[in-house]
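Visitor: My structure is below; once you've seen it, I'll send some questions.
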Amino acid sequence: MLKQTEGSHAVAEAVGLCRPEVICAYPISPQTHIVEGLGEMVKSGEVTDCEFINVESEFAAMSVAIGSSATGARTYTATASQGILFMCEAVYNASGLGLPIVMTVANRAIGAPINIWNDHTDALSQRDSGWIQLFAETNQEALDLHILAFKLAEEVSLPVMVCMDGFILTHAYERVDVPTQEQVDAFLPPYEPRQALDPTDPVSIGAMVGPEAFSEVRYLAHAKQMQALELIPKLAAQFKTIFGRDSGGLTHSYLTDDAETIVVAMGSILGTIKDVVDEMRQAGEKIGVLGISSYRPFPLDNVRAALQNAKRVVVLEKSLAVGIGGVVSTDVRMAMSGLQLEGHTVVAGLGGRAITMKSLHALFAKAIRGELERLTFLDLDWDVVNKQLERERTTRRSGPAAESMLRDVGVVAARIG
Amino acid sequence: MFQVRIHGRGGQGVVTAAEMLSIAAFEEGRHAQAFPSFGSERTGAPVVAFCRIADQEIRLREPIMEPDALIIQDPTLLFQVDVFSGLKKGGYILINTSRSFTDLGLADFVRDWPEERLLTVPATDLSRKHVGRPMPNVPLLAGFAAASGIIRLESVIKAINTKFSEKIARNNIAAATEAYQFVTDEIAGASHQEAAHA
């Protein structure tokens, strides 16, 4: 049924339709509306046979998720930002143990400086955790990816993070098509665990493994992600037959076939980029976009196939690997290895900085002119940066950087963007 | 695409107003996208929310920097925030006030504006009268419907019924209906004046 609703609410409805048996979460912006919604649905009886557990921290949230998933219960949680860092040890354990937990990450920056707004550094900090990571472009896709995520997780026995841009998607009202229970049931069968803690058939889960088998157990995790690489397109096709929509998959190409310039990005910024690409196409530029939907496993072959006929590639990412530059770019460069392409990394939208069509137009035009640096920080205020660098060069006790730079920026209450 | 920017203060239902506007547009079969300017959601702090309305899917996610319409829920913001930033020439300006644009010190700014695009609604008063609380968002939305014709009053009422429980909805519908009539009369007055000038 078509509805005009908040992204968080759409996701809560999707999770509810997946018949979860345990939901445990600790509130943190911008994820909170999702689990609040689910809490109400469990309490009102809209979601049945489900235990909603309030926990005392994110570490507890993931620990409870591990425990419940190990008993064979379909388990869901959600977090963001510092929350994912606080549960980090348990995040690795969930994947290491092969437990198909589904977790929404309402993408938000990581402090310090503390910042509640959107970027991708929280999810990407866990890129090597062994979880599958899927990124949503719209609220419709966020809704759909949760249904896909449970099926994918349970088929390969790995946990899945569904990443959606905090605030930009979670707090946006837009049109979504909420499927029926019958459709979801037809797609997602009841969970058949590979392992379950059961007093009538006791096993232990979580062995200590020494050098004699550690590499083999870890290789198995990689093998399962490679299985997921095969499975994700198949599930997207199945999803389309039941729900009638293209959602999920490994990558989404937009006007890339004849493109000389291809922009690579993840998440909700793809929409704005497509609008810019349409305008530049009208002006005669051969430009296209490649959206990465599955970041882990990373679809090296698909990315390479999409990029190989281009002249230049601009990876626009909402993340920063301090000391080298891009996070997503590193993987895209690996996919491009051996191809004679100009590669650019653009760090944009950190901590909620608006990414505007105007800035993107100027950026892509610069790339096409061959004037774009290897690493660019979109719309960086160099005055503020240089002023602080100068302060630090001339004064030993230069004081806390963030506070000084905020003073230099001045009042922001009057700003629109 | 039609773009609306709503300015107000935390606690005045600014974000809810944008969401309701998107629901009203959806009810008329249109695509709509509402989102807040995130963060400073403290009571009394300046808050901005946005709504785009279009006939096809809306992919753009940037803040609305060149609105077709402005709804200003708190006139004290006029001197604190650059509320008019990027407003399209001749765009709709709807202010919650019982004073005139001239009294608000805006005569120079709106000198070349079409009269029927400059609208005031005593939305706080209407809200106090019907809802018993100073919550100007709904009367302003109804005023926007009357001013722009982008959405119908019936769609605003549907959005009210989606968002609020029965009793609060009923009171808000009364406030919305009076605000709609107020702006309709205001526009009729403006065109009457223009005719007199002609």
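Visitor: For the range A:192-268, what does the alpha-carbon gyration tensor say about shape, rounded, prolate or oblate, given a ≥ b ≥ c as the root eigenvalues, a/c under 1.5 as rounded, and a/b over b/c as prolate?
Guide: Verdict is oblate for the range A:192-268.
Visitor: Set Lys and Arg Cβ to +1 and Asp and Glu Cβ to -1, take the dipole of the range A:220-288 about its Cα centre, and tell me which of A:M280, A:L270, A:Q238 lies farthest positive.
Guide: The one lying farthest along the dipole's positive direction is A:Q238.
Visitor: List the residues whose amide H sits under 5 Å from the amide H of B:G10, counting only those 5 or more places along or on another chain, with H placed 1.01 Å from N in the peptide plane.
Guide: B:G44, B:A45, B:V47
Visitor: Let me ask something additional. Are there GluC sites (Glu not before Pro) in the range A:191-289 that DSSP puts in a loop and that have at most 13 other Cβ atoms within 10 Å, and which ones?
Guide: Listed in order of number, the matching sites are A:E212, A:E260.
Visitor: Need one word for the range B:58-132: rounded, prolate or oblate. Basis is the Cα gyration tensor (sqrt eigenvalues a ≥ b ≥ c); a/c below 1.5 gives rounded, then a/b vs b/c decides.
Guide: Because a/c hits 1.5 or more and a/b fails to exceed b/c, the range B:58-132 counts as oblate.
Visitor: Starting at the first residue of the range A:375-388, write each ³J(HN,Hα) from the Karplus equation 6.51 cos²θ - 1.76 cosθ + 1.60 with θ = phi - 60°, in whole Hz, x for Gly and Pro.
Guide: 10, 10, 10, 4, 6, 5, 8, 5, 4, 5, 5, 5, 4, 5
Visitor: Further question on the same structure: Note down the magnitude of the dipole of the range B:2-197 about its Cα centre, charges +1 on Lys and Arg C-beta and -1 on Asp and Glu C-beta and zero elsewhere, to the nearest 20 debye.
Guide: 600 debye
Visitor: Quickly work out the A:E342-to-A:D198 label distance, labels modelled 7 Å from Cα along the C-beta direction, and quote it in nm with one decimal.
Guide: Taking the two extended label points, one gets 6.1 nm.
Visitor: Rounded to the nearest 10 degrees, what's the angle between the helix A:269-282 long axis and the longest principal axis of chain A, both from Cα atoms, 0 to 90?
Guide: Roughly 50 degrees, rounded to the nearest 10.
Visitor: Give me the distance in nm between label points sitting 7 Å out from Cα along the Cα-to-Cβ direction at A:D177 and B:S191, one decimal.
Guide: Output for this residue pair reads 4.0 nm.
Visitor: Restricting to DSSP loop positions (anything but H, G, I, E, B) with no more than 14 other Cβ atoms inside 10 Å of their own Cβ, which trypsin sites (Lys or Arg not before Pro) remain in the range A:165-223?
Guide: A:R194
Visitor: Hey, another quick one. Could you give the longest part of chain B that holds none of the GluC sites (Glu not before Pro) found in DSSP loops with at most 16 neighbouring Cβ atoms within 10 Å?
Guide: B:58-198
Visitor: Each residue of the range B:167-181 in order: what ³J(HN,Hα) in whole Hz does its phi give by Karplus 6.51 cos²θ - 1.76 cosθ + 1.60, θ = phi - 60°, with x for Gly and Pro?
Guide: 5, 5, 4, 4, 5, 5, 5, 5, 4, 5, 5, 5, 5, 4, 5
Visitor: In the Gaussian network model of chain B, springs joining C-alpha atoms below 10 Å, which of B:A175, B:A34, B:A45 carries the largest mean-square fluctuation?
Guide: Looking only at B:A175, B:A34, B:A45, the biggest GNM fluctuation is shown by B:A45.
Visitor: Using a Förster distance of 22 Å, how high is the FRET efficiency between B:R170 and B:R128, based on the Cβ-Cβ distance and rounded to 0.05?
Guide: Between B:R170 and B:R128 the formula returns 0.85.
Visitor: Test of the criteria: in the range A:241-293, which trypsin sites (Lys or Arg not before Pro) are in a DSSP loop and have at most 16 other Cβ atoms within 10 angstrom of their Cβ?
Guide: A:R245
Visitor: Using the beta-carbon distance between A:Q227 and A:L380 and R0 = 41 Å, what value does 1/(1 + (r/R0)^6) give for FRET efficiency, to the nearest 0.05?
Guide: My answer for the efficiency is 0.50.
Visitor: Shifting gears a bit: Taking the Cα of A:Y219, stepping 7 Å toward and past its beta carbon, and measuring to each backbone N in the range A:131-158: which are under 16 Å?
Guide: It comes to no residues whatsoever.
Visitor: Under a point spin-label approximation (7 Å from Cα along Cα-to-Cβ), what is the A:E285-A:E403 distance to one decimal in nm?
Guide: With each label point 7 Å from Cα toward Cβ, the separation is 4.3 nm.
Visitor: Counting residues in the range A:251-377 as N, plug N into 2.2 N^0.38 Å and put the Cα Rg over that result.
Guide: In units of the globular-protein estimate, the range A:251-377 measures up at 0.95.
Visitor: Something else now. Determine ³J(HN,Hα), in whole Hz, for all residues of the range A:184-196 in sequence, where each value follows from phi through the Karplus function 6.51 cos²θ - 1.76 cosθ + 1.60 and θ = phi - 60°; x replaces Gly and Pro.
Guide: Taking θ as phi minus 60°, the curve returns 5, 4, 5, 8, 10, x, x, 6, 10, x, 6, 9, 8 Hz for the range A:184-196.
Visitor: Sticking with this structure for a sec: Report the calculated FRET efficiency for A:E371 and A:R396 (r = Cβ-Cβ distance, R0 = 51 Å), to the nearest 0.05. Before the final figure, lay out each step's value.
Guide: Details: r = 38 Å, r/R0 = 0.75.
Rounded to the nearest 0.05, the efficiency is 0.85.
Visitor: What is the protein assembly as shown by shape, rounded, prolate or oblate, if you read a ≥ b ≥ c off the alpha carbon gyration tensor as root eigenvalues and call it rounded for a/c under 1.5, prolate for a/b larger than b/c, and oblate otherwise?
Guide: Verdict is prolate for the protein assembly as shown.
Visitor: Moving to a separate point now. Top mean-square fluctuation among A:P20, A:P400, A:P233, Gaussian network model of chain A, C-alpha springs under 10 Å?
Guide: A:P400
Visitor: Helix-only mean residue ellipticity at 222 nm, chain A, DSSP H runs n ≥ 4 weighted -39,500 (n - 2.57), per residue, nearest 500. What is it?
Guide: Value at 222 nm, helices only, nearest 500: -13000 deg cm²/dmol.
Visitor: Another question about this same structure. Please report the spacing between the Cα centers of the range B:20-60 and the range B:72-87 in Å, no decimals.
Guide: Here the answer is 18 Å between Cα centres.
Visitor: Please quote Rg/Rh for the range B:1-128 to two decimal places, taking the Kirkwood radius as Rh and restricting both calculations to Cα atoms. Let's see the in-between values first.
Guide: Details: Rg = 14.4 Å, Rh = 15.1 Å.
Reported Rg/Rh (Cα atoms, Kirkwood Rh): 0.95.
Visitor: Once the dipole of the range A:66-195 is set up with Lys and Arg at +1 and Asp and Glu at -1 on Cβ about the Cα centre, which of A:G166, A:A109, A:Y92 lies farthest towards its positive end?
Guide: Among A:G166, A:A109, A:Y92, the one farthest towards the positive end of the dipole of the range A:66-195 is A:Y92.
Visitor: Taking only Cα atoms, what is the 0 to 90° angle, nearest 10, from helix A:32-44's long axis to the longest principal axis of chain A?
Guide: That works out to roughly 20 degrees.
Visitor: Would you mind working out the magnitude of the charge dipole of the protein assembly as shown relative to its Cα centre, with +1 at each Lys and Arg C-beta and -1 at each Asp and Glu C-beta, to the nearest 20 Debye? Each step should come with its number before you reach the end.
Guide: Numbers: 55 positive and 74 negative charges, 219 e Å.
Taking the Cα centre of the protein assembly as shown as origin, the dipole is about 1060 debye.
Where a number appears in this text, it was derived from the coordinates with a stated rule and is not lab data. This structure is a prediction, so every number in the text was calculated from the model and none was measured. Quick reminder, even Gly has a Cβ in these numbers, built from the backbone with ideal geometry, and neighbours come from all protein chains shown.
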